[in-house]
Amino acid sequence: MSKRAFITGVTGQDGSYLAELLLGKGYQVHGLVRRTSSISRSRIDHLHVDAHDPDARFFLHYGDLTDSSRLRDLFAEVEPEEVYNLGAQSHVRVSFDEPVFSVTVDALGALNVLEAVRHMKTPARFYQASSSEMYGKVAAVPQDENTPLHPRSPYACAKVYAHYQTLNYREAYGLFACSGILFNHESPRRGESFVTRKITRAAARIKLGLQNKLYLGNLDAKRDWGYAPDYVEAMWRMLQHPTADDYVVATGETHSVREFLEESFSHLGLKWSSHVEVDPSFERPSEVDILLGDPTKVREVLGWKPRVTFRELARIMVDADLEAARKEAAGL
Ligand code: NAP
Ligand code: F7E
């Protein structure tokens, strides 16, 4: 019988790549989806198989991270061997606008999942989507698993809470619970309001004359940007290891927003400075200036390393957005 995995956040960037990875490994994959007035499952549409098909291995269940009883019922019914908690209000800037909602989903939601796992007949292995945002006002460069945390947003504070609850459930109840401290990772499936995707989409649309200007916030911020499909593999590897632990997942390189602009626009023969204007409304009340991860542990213990370089990442995203912009221009 195939192994069963449960993914919260399956409709998101990482959830969709992780579902693909697990299905490719022969897993039966169950995902949590929110009821919305119009269906937003474009990232997983291609995985859909009629649930009545005897060969179906991908199943979706309505639910919400804030609904603890639903999570308990679902885990009792599905009995997954692995649970990946990727669901979150994941936008840092938005978490300043909606702090209570963001913290309810990202902090208490994670606790709800941990509690539901703890109450399973045979508790599943658990993965928590922790974040480099937890380092915030960084105490050291580069950051590794021992770098002190100094969160700088409601989002980051919520992730710190969930991170420590993951450790606590491991120590208190002996759960196989891992926290992956993932640095920024991007792809053509990245949400359109995150800076990389905002840039690559704009570059493609500017190239085809569909827009002329791009408004951004802080161009000096530096991030350690990797490729999302590489990163979901690190999540899976964490749950296959004999012991549960916490890992930084990063490339070990940092680049500014300005450098990402340069890579993306120059790939299309465009000069970014002719199109970009700074709009302070995209700045945050408190910024994280520089993130740079040290991936030594994940490389040495799990044998994981990133496959896609910074330049390749920008090009993959620009090429995908150019294809989408061509369809848009053709009215398709
Ligand atoms: P994403 O694209 O924003 O996806 C978030 C997912 O969470 C979506 O499927 C969303 O569902 C779901 N969700 C939101 N609120 C929910 C709720 N109340 N109940 C159930 N599901 C809910 O995020 P991502 O980039 O894939 O990131 C995955 C996880 O890793 C997140 O926890 C994020 O905070 C964390 N993380 C991301 C990065 C990164 O660079 N991408 C780095 C470190 C950590 P809808 O589709 O219905 O909105
Ligand atoms: O911002 C700057 C912004 O929103 C990156 C999430 O996945 O990664 C992500 O969080 C940088 C920041 O990502 C704009 O100020 C400038 O310094 O793409 P972002 P993020 O905040 O780093 C972490 C690891 C997560 O865990 C999160 O879930 O770019 N920036 N101008 C801008 N950012 C945005 N969004 N929009 C701008 O116009």
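Using a cutoff of 8 angstrom between alpha carbon atoms and counting only pairs six or more residues apart, the relative contact order for the chain works out to 17 percent. Taking amide H as placed 1.01 Å from N in the peptide plane, VAL138 has its amide H under 5 Å from the amide H of ASP289, ILE290, each at least 5 places away in sequence or on another chain. Of the residues HIS91, PRO123, VAL105, the one whose Cα sits farthest towards the positive end of the charge dipole of the chain is HIS91 (charges of +1 on Lys and Arg Cβ, -1 on Asp and Glu Cβ, taken about the Cα centre).
GNM on the chain, alpha-carbon springs under 10 angstrom: the most fluctuating residue among ASP67, ASP97, ASP53 is ASP53. Residues of segment 206-223 with an amide N closer than 13 Å to a point placed 7 Å from the Cα of VAL278 along the Cα-to-Cβ direction: 216-221.
Under 5 Å between amide hydrogens, built in the peptide plane, is the criterion, and for PHE126 it picks out VAL83, PHE176, ALA177, CYS178 among residues at least 5 positions away or on other chains. From helices alone, the chain scores -12000 deg cm²/dmol at 222 nm; the rule is -39500 (n - 2.57) for each run of n ≥ 4 DSSP H residues, then divide by the residue total.
For VAL33, nonlocal amide neighbours, meaning residues 5 or more places apart or on other chains whose placed amide H falls under 5 Å from its own, are HIS61, TYR62, GLY63. Across segment 211-225, rounded Karplus estimates of 3J(HN,Hα) from the backbone phi angles (6.51 cos²θ - 1.76 cosθ + 1.60, θ = phi - 60°) give 8, 10, 10, 10, 9, 10, x, 6, 8, 8, 4, 10, 9, 9, 9 Hz, Gly and Pro being marked x. Were the residues from ARG307 through GLU115 laid out at 0.36 nm apart, the gain over their Cα-Cα distance would be 65.6 nm.
Restriction of the trypsin sites (Lys or Arg not before Pro) in segment 277-308 to DSSP coil positions whose beta-carbon has at most 13 other beta-carbons within 10 angstrom yields ARG307. Taking 7 Å steps out from each Cα toward its Cβ at GLN211 and ASP144 produces label points 4.1 nm apart. Calculate, for ASP220 and LYS271, the FRET efficiency according to 1/(1 + (r/R0)^6) with r their C-beta to C-beta distance and R0 25 Å; round to the nearest 0.05. Taking R0 as 25 Å, the efficiency between ASP220 and LYS271 is 0.85. The calculated FRET efficiency for SER69 paired with LYS137, based on their beta-carbon distance and R0 = 51 Å, is about 0.85.
Residue by residue, segment 48-60 carries 3J(HN,Hα) couplings of 5, 10, 3, 4, 7, 5, x, 8, 4, 10, 10, 10, 10 Hz when phi is fed to the Karplus relation 6.51 cos²θ - 1.76 cosθ + 1.60 (θ = phi - 60°); x denotes Gly or Pro. Candidate membrane-span-like segments in the chain, meaning DSSP H helices with Cα atoms spread over at least 20 Å of their own axis and a Kyte-Doolittle mean of -0.5 or above, are 310-329, with no membrane implied.
Stretching THR243 away from PHE194 to a fully extended chain increases their span by 14.2 nm, per 0.36 nm per residue minus the current alpha-carbon distance.
We did not get these values from a lab; they are worked out from the coordinates using the rules stated. Model, not experiment: these values are computed from the prediction. Because the Cβ atoms are built from the backbone with ideal geometry, glycine has one as well, and the counts that use them run over all protein chains shown.
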